[in-house]
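Input: a single structure, listed below in structure tokens.
Just so it is clear, none of the values below were taken in a lab; they were calculated from the coordinates. Owing to the predicted nature of the structure, the values given are computational and were not obtained by experimental measurement. Ideal geometry is used to build each Cβ from the backbone, glycine not excepted, and the neighbour counts take in all protein chains shown.
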Amino acid sequence: MSEHISTGVKGIPENAYRELREGEVFVPLMSPTSIVPEVNLWSVSWGLLMAIIFSAAAAYLGLKIGQVFEAAIPIAIIAVGVSFLTKRKNALGENVIIQSIGASSGVIVAGAIFTIPALYILGLDVQFYQVFLSSLLGGFLGILFLIPFRKYFVADMHGKYPFPEATATTEVLVSGEKGGSQAKLLLVSGLIGGIYDFIIATFGWWSEVFTTRVFEAGNMLAEKTKLIFKINVGSAVLGLGYIVGLKYAAIICAGSFIGWYMIIPIINYFAPGMTIPIGANITKLVSAMSAEEIFGAYVRPIGIGGIAMAGVIGIVRSSGIIKSAFGLAVKEIFGKHDTTKEVLRTQRDLPMGIIVGGILLVAVVIFVFFLFGVVHNVGYAFMGLAIVMVIAFLFTTVAANAIAIVGTNPVSGMTLMTLIISSVIMVSVGLTGNVGIVAAMIIGGVVCTALSMAGGFITDLKIGYWLGTSPYKQESWKFLGTVLSAAAVGFVILLINKNGGFTGSSPEFPAPQANAMAAVIEPMMSGKPAPWMLYAAGAFMSLVLTLIGVPALAFSLGMFIPLQLNTPILLGGIISHFVSTRSKNEKVNKARSDRGTLIASGFIAGGALMGVVSLTLQNFNINFVNKEWFESHSAEIIALLMLAVICAYFIWDSLRGKPEED
């Protein structure tokens, strides 16, 4: 697979990204026979700090947009940059540990935000310890279940899997000479994006959203035809659009535009003939609804059905991986292993006795957690434990395989299947209602986090394999990163809920995956009516989109997420396309694109982090926003001007990127 060979960075062995020839041996960058600095106070402290910071930022933005940005590359850049600025020598091994511990953030966030917020959306009370333990225990299971498969994925299959994210992160880690400038740019853009978004959220100098209701004609269109345009002016969402790229940003917005500029006007056209409320749980006539209310009642359920079906399609497409994964699981766990050979530090995992003991200990804690913290019934607790252990184990290798091949993990689809299976089993034994919903979601949260961790951790282990770090050290310290990431995610979720961010007709934090889970599970567990026809329409839409080659999940997310959060993603995608195509020199275009990626990463991290800070201040009633001004047309016009300013800066600074001299 020679297409994965990189020639741009010195130091990585030539055979790192391709299959080995007969008799050829791969020797990592750091010699397996040498002792290199890896785990120490410096690397562990920085790794834990990164885990906390990026967990909070990823949770904030993921709940707002439905996209969890990958923290591995920004963390690697910061690690290398700090080492460069402090003139640390032989810091490569330390930087891998920093990246590995810190990368716990994204995977724990993905596991938590896909499920736990559903409980708040349904109006159920969830305690911090339930959020924390579901993320923590799921993360631990993912680590423990994956370790026996490390050798297969990173060594036995050397060169057969592309590992796209691991490749990119490795390139960053070995490019020490670039680290200082990259880290500085990331810091500066983080400060700019953070201050910009903090001013909006805490001081309200300008509105967060611009709408065409500002103009008289726009207001008339919104009232009579339900046509309206909205855009969030925040830097974090803009940066995310740049990372997503124009193709997927356009697909997301296509779903949004179909909903807002086709479905809503059509429903409004027929509204005068509707004399009774139509639809499950709908109590208002369509003619009396605003565009936003029609979106919530009729368009979002279509998006939910699309998201659910896209997850199922991901599972079906992974059927070959699932089949081979089961065989691999049996072989690696129950097969014979040669224990007579001396094992180099780069090939040493945690002892199997510790892994088995750890799995048993985690299983006991899960049982106790379910018994005393969720269902309060021994039989139900055992049932929940069995579901978690079986599904998490069976799909661990599926998650790792998906990440190794395409860099994306169909974890939402696997989690939805887990929730449906859990609900069917629970209803069959009489566990229904709110207790059943909580139990199903907690089980889903544990499984989702386990699969997310397994997929993410294989990336860290592959990076370590290429560079020559000690896997048993990565495995040991990953547990501590998981603890702090789980705590940070739990804090953000509870903080958002306390400030009412998940509820309302147009919630500030839509949490699309969690909403999809809630919409599917609640009717099964409570007997309430549900808009099944709209869900079915969304499901068929996903099938059609898949048949014609359009990414169904991206399109469906666009139909679910409010318009104002989709339009800035498209704007960021347009900026990405613009800065990467202005020159006829491809090297110049790539340098500009890479610089823009760093600026976007800074906007994402800085904007999301300051959003968390602002929420924390609001929790203590510290907020200087004048609501009357913040919602005025004048504040919206200033918001549009400020968006233009930050876009101009984004483009200008990205175009300053220059290719390195050979």
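In a fully extended conformation the segment linking W652 and V390 would gain 89.1 nm over its present Cα-Cα distance, using 0.36 nm per residue.
Take the Cβ atoms of F203 and Q127, set R0 to 22 Å, and the FRET efficiency comes out at 0.10. Each Lys or Arg adds one and each Asp or Glu subtracts one; over the other residues with Cβ under 11 Å from the Cβ of N434, this totals -2. I267 sits among other residues whose Cβ lies under 12 Å from its own Cβ, and their net charge, with Lys and Arg +1 and Asp and Glu -1, is 0. The residues packed around L557, meaning those with a beta-carbon under 15 Å from its beta-carbon, carry a net charge of +3 if Lys and Arg are +1 and Asp and Glu are -1.
When L361, L617 are sorted by how many other C-beta atoms sit within 10 angstrom of their C-beta, beginning with the fewest, the order is L361, L617. Multiplying the sequence separation of K498 and N90 by 0.36 nm and subtracting their Cα-Cα distance, what value in nm do you get? Fully extending the segment from K498 to N90 adds 142.3 nm.
Across region 135-141, computed HN-Hα scalar couplings (Karplus, 6.51 cos²θ - 1.76 cosθ + 1.60, θ = phi - 60°) run 6, 5, 5, x, x, 4, 4 Hz from first to last residue, x flagging Gly and Pro.
Taking the Kirkwood radius as Rh and the Cα radius of gyration as Rg, the chain has a ratio of Rg/Rh equal to 0.97. Each label was represented as a point 7 Å from its Cα along the Cα-to-Cβ direction; for E216 and L191 these points are 4.6 nm apart. Annotation for M262 and K584: the two label points, set 7 Å from Cα along the Cα-Cβ direction, are 4.0 nm apart.
Computing FRET efficiency as 1/(1 + (r/R0)^6) for M352 and N15, where r is the C-beta to C-beta distance and R0 is 41 Å, gives about 0.85.
Computed from the C-beta positions of F270 and E223 and an R0 of 25 Å, the FRET efficiency is 0.90 to the nearest 0.05. Judged by the gyration tensor of its Cα atoms, with axes a ≥ b ≥ c, region 537-658 is oblate; a/c meets the 1.5 cut and b/c is at least as large as a/b.
Each residue of region 101-111 was assigned a 3J(HN,Hα) from its phi angle through the Karplus curve 6.51 cos²θ - 1.76 cosθ + 1.60 (θ = phi - 60°); the sequence is 5, x, 5, 4, 4, x, 6, 5, 4, 4, x Hz, with glycine and proline shown as x. For region 639-655, putting each phi into the Karplus relation 6.51 cos²θ - 1.76 cosθ + 1.60 with θ = phi - 60° gives couplings of 4, 5, 5, 5, 5, 4, 5, 6, 5, 4, 4, 4, 5, 4, 5, 5, 5 Hz, in residue order, rounded to whole numbers and with x for Gly and Pro. Could you sort out which of K184/K478; K87/K590; K89/K184; K87/K184; K89/K160 sit more than 25 Å apart by Cα distance in this structure? Beyond 25 Å: K184/K478; K87/K590; K89/K160.
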